[in-house]
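J.: So that we are looking at the same thing, I have put the structure below in structure tokens.
The values are calculated or read from the model by the stated rules, or taken from the named source; none is laboratory data. Model, not experiment: these values are computed from the prediction. All Cβ positions, glycine included, derive from the backbone under ideal geometry; neighbour counts span all protein chains shown. Side chains included, ligands, DNA and RNA excluded: accessible areas come from the protein's heavy atoms. Shrake-Rupley method; radii C 1.70, N 1.55, O 1.52, S 1.80 Å.
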Amino acid sequence: MRYAQGGGLTDERRAFRERLRLEAAERFALGEENMVIAHELRVSVRSVQRWRRAWSQGGPRALASRGPASLPVLSDELFAVLERELARGPVAHGWPDQTWTLSRIRTLIGRRFHKSYTVQGVAVLLKRHGWSCQVPARRAVERDEAAVAGWVKETWPQVEGPWRRSGLGSSSRTRPDSR
């Protein structure tokens, strides 16, 4: 099962779903109908039908969880290596500026570890390890805050002009004297 937010089920959620399936198995043994089981367990009838089919072929063991659908492509040890590579910066890896993008990190993972990720998969990987998207605040080194504040206070009001006319206005844009 795949989820748009990327990640599948957590261990707790997987255990909860397994308990539901095993409870359904007990009800199958009692001869309850699929509709009743689905309603009481708050799942779809189709899921109960699939569970009943698996139960009839393999018993309660067929309803046990098989663990996560897939393991992460990068282990924690490899992610630590990736973090060291990211700390070196994009220029050290051949890019012209100091901006890491998901696409660049994806390329780095492919070059360094020979593993394939999608851009969304890289975002999930980074988020899972506590990284967040950040946009750096770019200020010119030469910027003089006092001069900027003075310009905004003194010069800008003269350039901008008044918001409204000081005289009488008109309700018509085409006939200004229609009062």
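J.: For the range 38-48, which positions are on the phi < 0 side of the Ramachandran plot and either assigned to a helix (DSSP H, G or I) or loosely packed, with under 14 Cβ neighbours inside 10 Å (or both)?
T.: 38, 39, 40, 41, 44, 45, 46, 47, 48
J.: So which residues in the range 24-37 are open to solvent by 50 Å² or more (accessible area, probe 1.4 Å) and either over 15 Å from residue 60 (Cα atoms) or under 33 Å from the mean Cα position of the chain (by Cα) (or both)?
T.: If the condition is that a residue be open to solvent by 50 Å² or more (accessible area, probe 1.4 Å) and either over 15 Å from residue 60 (Cα atoms) or under 33 Å from the mean Cα position of the chain (by Cα) (or both), then 32, 33, 35, 36 are the ones that fit.
Every residue, every condition in (1) within 24 Å of residue 10 (Cα to Cα); (2) surrounded by 15 or more Cβ atoms within 10 Å (Cβ to Cβ), yes or no:
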site: 101; (1), (2): no, no
site: 104; (1), (2): no, yes
site: 132; (1), (2): yes, no
site: 139; (1), (2): no, no
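J.: Enumerate the pairs (first residue in the range 112-139 and in a loop (DSSP other than H, G, I, E, B); second residue anywhere and modelled with pLDDT of 85 or more and of a type in the set (Val, Ile, Thr)) with beta-carbon separation below 6 Å, excluding pairs fewer than 6 apart on the same chain, so at least 6 apart or on different chains.
T.: 115/109; 117/109
J.: If you check 163, 156, which single one turns out to be assigned to a helix (DSSP H, G or I) and at pLDDT below 85?
T.: None of the other options fit; the residue is 156.
J.: If you don't mind, another one. Sort through 14, 27, 21 and tell me the only one that's basic (Lys, Arg), part of a helix (DSSP H, G or I) and modelled with pLDDT under 90.
T.: Just a single option satisfies the conditions, and that option is 14.
J.: Does residue 78 satisfy being open to solvent by less than 60 Å² (accessible area, probe 1.4 Å), assigned to a helix (DSSP H, G or I) and under 23 Å from residue 121 (Cβ atoms)?
T.: Values: open to solvent by less than 60 Å² (accessible area, probe 1.4 Å): yes; assigned to a helix (DSSP H, G or I): yes; under 23 Å from residue 121 (Cβ atoms): yes.
So residue 78 passes the test.
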